[in-house]
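Here the structure is laid out as structure tokens; the discussion comes afterwards.
Bear in mind that the values in this text are calculations on the coordinates, not laboratory data. No experiment lies behind these values; they were computed from the predicted model shown. Please note: Cβ atoms are built from the backbone with ideal geometry, for glycine as well, and neighbour counts cover all protein chains shown.
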Amino acid sequence: MSTGEGQHARHRLDELIHAPVRLSIVATLAQVDEAEFAHVRATVEIPDSALSKQATQLENAGYVKIRKGHVGKRPRTWLSLTPAGRTAYTRHLQALRSIAEGH
């Protein structure tokens, strides 16, 4: 068994994604090309303000794209994972699986 620093799978976890709410947001977005803000809010079961704050953090990291527009006269916001966000999510899941499998 190696004792070298950084060998355990936990070192590959993405700290930004690992937070439960952000993980839930990213997991929701990983299932679709784009999702309306209201859908993500309802799926993750958090208030608008919390989703806005967490989505902005993910956007600042380059993991989420936030697109604003209108449907008729009503303003709408859509969220999507960027390629970097999809890669980070996939790597995070791989690390979690390794930990769960005892590797």
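Report yes if GLN54 is on the phi < 0 side of the Ramachandran plot, polar (S, T, N, Q) and in contact with a Lys or Arg (Cβ under 6 Å, 6 or more places away or on another chain), otherwise no.
For GLN54, the condition - on the phi < 0 side of the Ramachandran plot, polar (S, T, N, Q) and in contact with a Lys or Arg (Cβ under 6 Å, 6 or more places away or on another chain) - is met.
In region 28-54, how many residues are more than 17 Å from LYS65 (Cβ to Cβ) and outside any helix (DSSP H, G or I)?
3
Filter region 65-87 down to the residues that are under 18 Å from HIS18 (Cα atoms) and touching a Gly at 6+ places or on another chain (Cβ under 9 Å), then identify the one that is surrounded by the most Cβ atoms within 10 Å (Cβ to Cβ).
GLY85
Could you check GLY62 against (1) farther than 17 Å from SER24 by Cβ; (2) surrounded by 15 or more Cβ atoms within 10 Å (Cβ to Cβ); (3) in contact with a helix residue (DSSP H, G or I) (Cβ under 7 Å, 6 or more places away or on another chain) and say which number it fails?
Result: GLY62 fails condition (2) only.
Checking the condition under 11 Å from the mean Cα position of the chain (by Cα) and in contact (Cβ under 8 Å) with a residue 24 or more places away in the chain, which residue from ALA50, ALA55 passes?
Step by step, each of ALA50, ALA55 is checked, and only ALA55 is under 11 Å from the mean Cα position of the chain (by Cα) and in contact (Cβ under 8 Å) with a residue 24 or more places away in the chain.
Kindly indicate whether any position in region 8-15 is surrounded by 12 or more Cβ atoms within 10 Å (Cβ to Cβ), touching a Lys or Arg at 6+ places or on another chain (Cβ under 7 Å) and without any contact (Cβ under 8 Å) to a residue 60 or more places away in the chain.
no
State which residue is surrounded by the most Cβ atoms within 10 Å (Cβ to Cβ) when the search covers only region 37-59 and only residues that are among the hydroxyl-bearing types (Ser, Thr, Tyr) and out of contact with any helix residue (DSSP H, G or I) (no Cβ under 6 Å at 6 or more places or on another chain).
Only one residue tops the list, namely SER52.
Can you name the condition, by its number, that GLY62 falls short on among (1) out of contact with any strand residue (DSSP E or B) (no Cβ under 9 Å at 6 or more places or on another chain); (2) within 27 Å of ALA95 (Cβ to Cβ); (3) in a helix (DSSP H, G or I)?
Looking at each condition in turn, GLY62 falls short on (3).
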